[in-house]
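Undergrad: Sharing a structure below in structure tokens format, with a few things to ask.
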Amino acid sequence: MFNLTLVHYKASRGTQTAAAAAPRIKKFAIYRWDPDKAGDKPHMQTYEVDLNKCGPMVLDALIKIKNEVDSTLTFRRSCREGICGSCAMNINGGNTLACTRRIDTNLNKVSKIYPLPHMYVIKDLVPDLSNFYAQYKSIEPYLKKKDESQEGKQQYLQSIEEREKLDGLYECILCACCSTSCPSYWWNGDKYLGPAVLMQ
């Protein structure tokens with residue numbers, strides 16, 4: 001009786017393991033363009049990733065594709081924790097960070113990934129942020145002292161009240177997701193600073 005029960009247990013466990021190991025293939029259509037490749041034009045390239053062997057975030061899938069499938073795929077990344085803003089891109093129609101956006105587990109739906117919209121593209125998913133950073137620099141986004149007579153002579157202390165004035169301002173990580181979602185910034189990016197810079 002014991003042996004029969006053990007056999008049934010092993011058979012049941014084997015069935016569960018096989019089911020868990022069944023591939024969950026997800027398709028990603030990714031914007032590709034290499035300006036250094038003669039004749040190359042912007043196009044979408046589709047990759048397949050087994051979600052059983054991939055982390056839950058879109059950035060995990062991109063890293064897996066680059067490491068194991070196509071090393072030419074180019075994108076920015078750094079902290080993987082939604083702090084640096086490097087991996088900002090357009091995923092399924094919305095600007096977001098690839099490291100904080102979970103993969104859509106609907107296997108029948110292709111996930112589409114583009115660089116941030118209405119920006120010049122350096123390569124693949126890497127937008128040219130030169131103008132964005134120049135605009136940010138133009139507003140001189142740093143603390144200034146009204147009286148600088150003691151500059152270099154003593155430490156400037158910040159009161160609790162002064163510190164509280166910064167709440168709601170320093171949280172911006174300059175990922176450019178909001179500015180590149182703004183139609184006014186699309187059409188007048190050379191003149192209009194955009195929401196990311198204006199909130200500073």
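Undergrad: Between Ser179, Ser111, Ser138, which gets the highest mean-square fluctuation from a Gaussian network model of the chain, Cα cutoff 10 Å?
TA: Ranking Ser179, Ser111, Ser138 by mean-square fluctuation puts Ser138 first.
Undergrad: Using the alpha-carbon atoms, what tilt in degrees (0 to 90, nearest 10) does helix 2-21 show relative to the longest principal axis of the chain?
TA: Tilt of helix 2-21: around 40 degrees.
Undergrad: For the chain, set up a Gaussian network in which alpha carbons nearer than 10 Å are linked by springs, and say which option among Ala88, Ala29, Ala98 fluctuates the most.
TA: Sorting by GNM fluctuation, first place goes to Ala29.
Undergrad: Give the separation of the Cα centroids, segment 166-197 to segment 104-160, in Å.
TA: Each part's Cα centre sits 9 Å from the other's.
Undergrad: Relative contact order for the chain using alpha-carbon pairs under 8 Å, separation at least 6, rounded to a whole percent? Numbers along the way, then the final one.
TA: On the way: 248 pairs, mean separation 37.0, N = 200.
Computed value for the chain: 18 percent relative contact order.
Undergrad: Using the Cα gyration tensor of segment 61-132, with a ≥ b ≥ c the square roots of its eigenvalues, what is the shape: rounded (a/c below 1.5), prolate (a/b larger than b/c) or oblate (neither)? Display every interim value, and only then the final one.
TA: On the way: a/c = 1.45, a/b = 1.33, b/c = 1.08.
Rounded.
Undergrad: Relative contact order for segment 31-105: what percent, with Cα pairs under 8 Å and sequence separation of 6 or more? Each step should come with its number before you reach the end.
TA: Details: 79 pairs, mean separation 18.6, N = 75.
Reported as a whole number, the value is 25 percent.
Undergrad: Which trypsin sites (Lys or Arg not before Pro) in segment 89-169 pass both tests, a DSSP loop state and at most 14 other beta-carbon atoms within 10 Å?
TA: Numbers: sites: Arg101, Arg102, Lys109, Lys112, Lys123, Lys137, Lys144, Lys145, Lys146, Lys153, Arg163, Lys165; in loops: Arg101, Lys109, Lys144, Lys145, Lys146, Lys153, Lys165.
Answer by residue number: Lys109, Lys144, Lys145, Lys146, Lys153, Lys165.
Undergrad: Across 10 Å bins from 0, what is the distribution of all Cα-Cα pair distances for the chain, in whole percents?
TA: With a bin width of 10 Å, the distribution comes to 7, 25, 25, 17, 11, 8, 4, 2, 0, 0.
Undergrad: Here's another thing I want to ask about it. So how tilted is helix 58-68 from the main axis of the chain? Cα-based, degrees 0 to 90, rounded to 10.
TA: Computed tilt is about 70 degrees.
Undergrad: Using a 10 angstrom Cβ neighbour count of at most 14 plus a DSSP loop assignment to flag exposed chymotrypsin sites (Phe, Trp or Tyr not before Pro), which longest range of the chain is free of such sites? List each step's numbers first, then the result.
TA: Details: sites that count: Tyr120, Tyr142, Tyr156, Tyr170.
Longest gap between qualifying sites, sites excluded: 1-119.
Undergrad: Between segment 79-101 and segment 22-47, how many Å separate their Cα centres?
TA: So the two Cα centres are separated by 18 Å.
Undergrad: Under the rule that an exposed site lies in a DSSP loop and has at most 11 other Cβ atoms within 10 Å, name the longest stretch of the chain with no GluC sites (Glu not before Pro) of that kind, not counting the sites themselves.
TA: Details: sites that count: Glu81, Glu148, Glu151, Glu171.
Result for the longest clean stretch: 1-80.
The numbers here are math on the coordinates, done by the rules we state, and not lab data. Computed from a predicted model, the values in this text were never measured in an experiment. Cβ atoms come from the backbone with ideal geometry, glycine included; neighbour counts cover every protein chain shown.
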